[in-house]
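The values are calculated or read from the model by the stated rules, or taken from the named source; none is laboratory data. Since this is a predicted model, take the numbers as computed values, not measurements. Every residue, glycine among them, receives a Cβ derived from its backbone with ideal geometry; neighbour counts consider all protein chains shown. Please note that ligands, DNA and RNA were not included when accessible areas were found on the heavy atoms of the full protein model with its side chains. Shrake-Rupley method; radii C 1.70, N 1.55, O 1.52, S 1.80 Å.
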Amino acid sequence: MKSSSSQLNTSNLPQRYRTNFAHLYFDIAWFGVLSGSAINFITVYATRIGATGVQIGLFGATTALVSLIFALPAGRWLDKPGRTHSVFWASIVYRLGFLFYIPIPWLLNAKEQIWVLVLLSLLMGIPFVALSVGSSALFADSVPVEWRALVAGRRNIVFSVMFMITSLACGYFLDHILFPLNYQIVFFMGFVGGAMSSYHLYFIKPVPAVISHPITTTFSIHKEPNPRGFPVWLTAIRIDVLATKFRSTLIVMMIFHIAQYLALPVFPLYFVRYLKLSDLNLGIGTALFYFTVLIGSTQLNRLVGKLGHKDVTGWGVVGMAVYPALLALSSLVWQYYVVSIVGGLAWALVGGASTNYVIENCPEKDRSSHLAWYNIVLNASILIGSLLGPLIASTISLPIALLFFGLFRGLAGIAILKWG
């Protein structure tokens, strides 16, 4: 095996690999269209028709709740033969939900629309769990290990570019077409992007040379002896993991994720009701954010080589504290653009290093069980942050809440650096 993906010779690549790679690139390109349109603007739409902070928080909280409940059944379903088609059908059912976004403005009043969208988010969360659990396994099944870094890197670039182009296009449409038709066009774009992504997923096939790894689910059944005498139901979810050094990693990452998701439901409220940004402004800001994520990612390997994954994650989280803090002090659109640029650079560090930081702290022979606990912590943090953040913001003013969330993120970064 080559030591570097840059040394791989694509001219000798078997045709079955080329076909898989092409469909993986097209899959992520169309997913970038879905993400830059419907997924990116749904909370903005809900905010514009009068959604409260708590209702905005429910969009993330419902998905997290479903993930906590259904990840184990989804993993068992996907472990059966025919995993490729299972992932494909999960993507079809999940993305069909975006089709229902389109007629909602014609059929319901504003208050009814908000709760129907929350309900749709809850129902779509069930197939989304299966899709998210199975997609990484499908990638491993279809890409030889020596090619995974190269293919994953190219997919990240394709996704970022398509996300930026789509968010800019949607911002333009939203500003130049009458409401609500403008959002219905954006939702239709998202549905088409999701459908085309699923189309390419269908053609991604396992290749014989790839050794598949078991899916990491929310829980991992422990079949070893039970020397600590834990109850059977606790043993099944590997409660013994919490007695290891990995507990410290879980604690600091939970602090970070709660701090991260406290602010996310509040951002649309601040953008629309305080800064009064247009949809074109939001599209430009999102594009700038992902452009700097792309630029920052090019320097990630160099920084990790000097500091390590833990310190890059910690300092990145400290940098993420700047986004809500500076946003709270902003009143002009150009300030929002500057904040987006800074936020993208910080997220490039966290998004690129945090997963590897967690993996480094997992024992190699028991990695899946430790990662399962991290998934539990992640989804619990999303649930807590998504519900608690809007409640805090409703108690105090939006700018003060953002300053508080920024401080909390900074403390989370310090906790990772000191105790992670």
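Worth pointing out:
- Subset of segment 34-43 (residues that are surrounded by 23 or more Cβ atoms within 10 Å (Cβ to Cβ) and aliphatic (A, V, I, L, M)): 34, 38
- For residue 213: the one exception among (1) at pLDDT below 90; (2) open to solvent by less than 50 Å² (accessible area, probe 1.4 Å): (2)
- In segment 250-283, the residue that is least open to solvent (accessible area, probe 1.4 Å) out of those that are assigned to a helix (DSSP H, G or I) and touching an Asp or Glu at 6+ places or on another chain (Cβ under 8 Å) is 279.
- Residues that are under 25 Å from residue 153 (Cα atoms) and either part of a loop (DSSP other than H, G, I, E, B) or of a type in the set (S, T, N, Q) (or both) are absent from segment 321-338.
- Of all residues in segment 304-355 being polar (S, T, N, Q) and under 22 Å from the mean Cα position of the chain (by Cα), the one that is farthest from residue 373 (Cα to Cα): 340
- Screening residue 309 on (1) crowded, with 20+ Cβ neighbours inside 10 Å; (2) touching an Asp or Glu at 6+ places or on another chain (Cβ under 9 Å); (3) closer than 24 Å to residue 331 by Cα; (4) not small (Gly, Ala, Ser) shows it passes everything except condition (3).
- Residue 71 vs. criteria under 30 Å from residue 397 (Cβ atoms), among the small types (Gly, Ala, Ser), at pLDDT below 90 and touching a helix residue (DSSP H, G or I) at 6+ places or on another chain (Cβ under 6 Å): no
- Identity of the residue in segment 275-310, at pLDDT 90 or above and among the hydroxyl-bearing types (Ser, Thr, Tyr), that ends up farthest from residue 419 (Cα to Cα): 278
- Filter result for residue 334 (open to solvent by 10 Å² or more (accessible area, probe 1.4 Å) and at pLDDT 90 or above): yes
- Within segment 128-177, the set of residues being touching a Gly at 6+ places or on another chain (Cβ under 6 Å) and either at pLDDT below 80 or open to solvent by less than 20 Å² (accessible area, probe 1.4 Å) (or both) comprises 133, 163, 166, 167, 170, 171.
- Checking each residue in segment 97-121 for being open to solvent by 60 Å² or more (accessible area, probe 1.4 Å), within 30 Å of residue 204 (Cα to Cα) and in contact (Cβ under 8 Å) with a residue 24 or more places away in the chain picks out only 99.
- Qualifying residue in segment 371-387 (condition: open to solvent by 50 Å² or more (accessible area, probe 1.4 Å), among the β-branched types (Val, Ile, Thr), in contact (Cβ under 8 Å) with a residue 40 or more places away in the chain and touching a Phe, Trp or Tyr at 6+ places or on another chain (Cβ under 8 Å)): yes
- With respect to being in contact (Cβ under 8 Å) with a residue 24 or more places away in the chain, in a helix (DSSP H, G or I) and closer than 18 Å to residue 274 by Cβ, residue 394 fits the description.
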